[in-house]
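K.L.:
If you scroll down you'll find the structure; I have some questions about it.
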Amino acid sequence: MPGTHRLGSCSGPRSRLLTAALACSSLACAGCAAGEAASTASVRSPAQVASITATVAVASAAAPAPAGAAIPKEPLSGRVITVDPGHNGGNFTHPLQIGRLVNDGNGEKECDTTGTAAPDGYRETDFNWSVATRLRALLLAAGAHVVMTRQSNTGVGPCITQRAAIGNRAHSDAAISIHADGGPPAGSGFAILTPAPIPSRADQAIIIPSHRLALALRTSLERIGLHPSTYDGVDGIAPRTDLGGLNLSRVPKVFVEVANMQNAGDEAPMERPAFRQLLARALLAGLERFLG
Ligand code: ZN
């Protein structure tokens, strides 16, 4: 941004920049007071004076706030975000515990599942946990209050009912479940699963904001080069009535199926920490966009 560049080139408090703008008479000043570089303090046109005034205004706006002044809030200050890493590492060894049926708000479903895995054995739960904890760190840095639905990647569950209840109890401004899909090997891309109307839904009002959340996240995922699923949903959005985590939610919520672990092109970057960090940043950006 021009103002930022100008201040960055002439970093310092307002008085220093003002002095530089007024005294600038050589090319040495070019870049920090570009409009004034060729002028002298004694000969200035009205346009040049206006340019200097603008420079001072920019410097004033960017200068450190005086003591006692209000400090700008962090972008997500006061916001509550529930982050739900899908599945759990201990699910693999507790099939009976996670296999019991629970009411998913529109029928019955298993308490939880193991999730999918790549052909080389890289597990979805490990991917989900990595992205979720990276997102948690970014959210905290942005000032949000973060609620996690599980505290480790070695436990069991919780059930889908609890995953929804945790977000509800926290009165979350947004909740996001992080998953990866086990789709057809030829299919690729992300899908964002959104709540669809069901007769028993406690809160129909979450459907539209959840869709808005999905759109905001889709924009962010596309900006890092990912593409909507070639096999699930329409343009990367897939309304669902069979997911307890969505059916039982009373706060805006989506599931993000980041990519297809059965597709070689999708899966290869998922095993790279840098990609998972990029992904977490995209999810943060989408949440910030949704929460305005
Ligand atoms: Zn999953």
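K.L.:
Only residues that are open to solvent by less than 50 Å² (accessible area, probe 1.4 Å) and more than 19 Å from Arg281 (Cβ to Cβ): list them for the stretch 134-155, please.
P.N.:
Residues of the stretch 134-155 open to solvent by less than 50 Å² (accessible area, probe 1.4 Å): 135, 138-139, 142-144, 146-150, 152-153, 155.
The answer is Val147, Thr149, Arg150, Ser152, Asn153, Gly155.
K.L.:
Would you kindly identify the helices (runs of 4 or more DSSP H) lying entirely within the stretch 209-292 that contain at least 3 residues that are more than 20 Å from the chain's Cα centre (by Cα)? I'd like the intermediate steps shown before the answer.
P.N.:
Values: elements: 244-247, 264-270, 273-291.
Correct list: 264-270.
K.L.:
Could you pull out the residue among Gly245, Gly225 that is modelled with pLDDT of 95 or more, within 15 Å of the ligand (Cβ to nearest atom) and either of a type outside the set (Ser, Thr, Tyr) or within 29 Å of Ala141 (Cα to Cα) (or both)? Quick ask: steps written out before the conclusion?
P.N.:
Values: Gly225 fails: within 15 Å of the ligand (Cβ to nearest atom).
So the residue among Gly245, Gly225 that is modelled with pLDDT of 95 or more, within 15 Å of the ligand (Cβ to nearest atom) and either of a type outside the set (Ser, Thr, Tyr) or within 29 Å of Ala141 (Cα to Cα) (or both) is Gly245.
K.L.:
Looking at Pro75, Pro119, Pro95, Pro85, which one is within 30 Å of Ala186 (Cα to Cα), open to solvent by 30 Å² or more (accessible area, probe 1.4 Å) and touching a residue at least 24 places away in the same chain (Cβ under 8 Å)? Don't jump to the end; show me each part of the working.
P.N.:
Working: Pro75 fails: within 30 Å of Ala186 (Cα to Cα); Pro95 fails: touching a residue at least 24 places away in the same chain (Cβ under 8 Å); Pro85 fails: open to solvent by 30 Å² or more (accessible area, probe 1.4 Å).
That would be Pro119, the only listed residue that is within 30 Å of Ala186 (Cα to Cα), open to solvent by 30 Å² or more (accessible area, probe 1.4 Å) and touching a residue at least 24 places away in the same chain (Cβ under 8 Å).
K.L.:
So for the stretch 223-241 (the condition being under 15 Å from Ala174 (Cβ atoms), in the same structural domain as Leu139 (by TED's automatic domain parsing) and surrounded by 17 or more Cβ atoms within 10 Å (Cβ to Cβ)), does at least one residue qualify? It would help to see each step written out before you state the result.
P.N.:
Pass one, the stretch 223-241, residues under 15 Å from Ala174 (Cβ atoms): none.
Scanning the stretch 223-241 turns up no residue that is under 15 Å from Ala174 (Cβ atoms), in the same structural domain as Leu139 (by TED's automatic domain parsing) and surrounded by 17 or more Cβ atoms within 10 Å (Cβ to Cβ).
K.L.:
Could you tell me which numbered condition Pro185 fails, if it satisfies all but one of (1) under 27 Å from Asn263 (Cβ atoms); (2) part of a loop (DSSP other than H, G, I, E, B); (3) within 14 Å of the ligand (Cβ to nearest atom)?
P.N.:
Of the numbered conditions (1) under 27 Å from Asn263 (Cβ atoms); (2) part of a loop (DSSP other than H, G, I, E, B); (3) within 14 Å of the ligand (Cβ to nearest atom), the odd one out for Pro185 is (3).
K.L.:
Considering each of Leu279, Leu215 in turn, give the residue that is open to solvent by 10 Å² or more (accessible area, probe 1.4 Å) and among the hydrophobic types (A, V, I, L, M, F, W, C).
P.N.:
On the way: Leu279 fails: open to solvent by 10 Å² or more (accessible area, probe 1.4 Å).
Just a single option satisfies the conditions, and that option is Leu215.
K.L.:
Would you be able to tell me the number of residues in the stretch 116-134 that are within 16 Å of the ligand (Cβ to nearest atom) and either of a type in the set (D, E, K, R) or in contact with a strand residue (DSSP E or B) (Cβ under 7 Å, 6 or more places away or on another chain) (or both)?
P.N.:
Number of matching residues: 10.
K.L.:
Consider Val102 carefully, then state whether it is away from the ligand (no atom under 16 Å from the Cβ) and touching a helix residue (DSSP H, G or I) at 6+ places or on another chain (Cβ under 8 Å). If you could, list the steps in order and put the result at the bottom.
P.N.:
Numbers: away from the ligand (no atom under 16 Å from the Cβ): yes; touching a helix residue (DSSP H, G or I) at 6+ places or on another chain (Cβ under 8 Å): yes.
When the stated conditions are applied, Val102 passes them.
K.L.:
Yes or no: Asp112 modelled with pLDDT of 95 or more, crowded, with 20+ Cβ neighbours inside 10 Å, within 16 Å of the ligand (Cβ to nearest atom) and of a type in the set (D, E, K, R)? Give the steps one after another, and end with the answer.
P.N.:
On the way: modelled with pLDDT of 95 or more: yes; crowded, with 20+ Cβ neighbours inside 10 Å: yes; within 16 Å of the ligand (Cβ to nearest atom): yes; of a type in the set (D, E, K, R): yes.
In short, yes.
K.L.:
Now for a separate question. With respect to Leu139, is the statement that it is under 27 Å from the mean Cα position of the chain (by Cα), modelled with pLDDT of 95 or more, assigned by TED's automatic domain parsing to the domain that holds Phe275 and away from the ligand (no atom under 16 Å from the Cβ) true?
P.N.:
Values: under 27 Å from the mean Cα position of the chain (by Cα): yes; modelled with pLDDT of 95 or more: yes; assigned by TED's automatic domain parsing to the domain that holds Phe275: yes; away from the ligand (no atom under 16 Å from the Cβ): yes.
In short, yes.
The values are calculated or read from the model by the stated rules, or taken from the named source; none is laboratory data. Fair warning: this is a prediction, and the values are worked out from it, not measured in the lab. Using ideal geometry, Cβ is built from the backbone for each residue, glycine included, and neighbour counts are taken over all protein chains shown. Areas reflect the complete protein model, heavy atoms only, side chains present, ligands, DNA and RNA absent. Shrake-Rupley method; radii C 1.70, N 1.55, O 1.52, S 1.80 Å.
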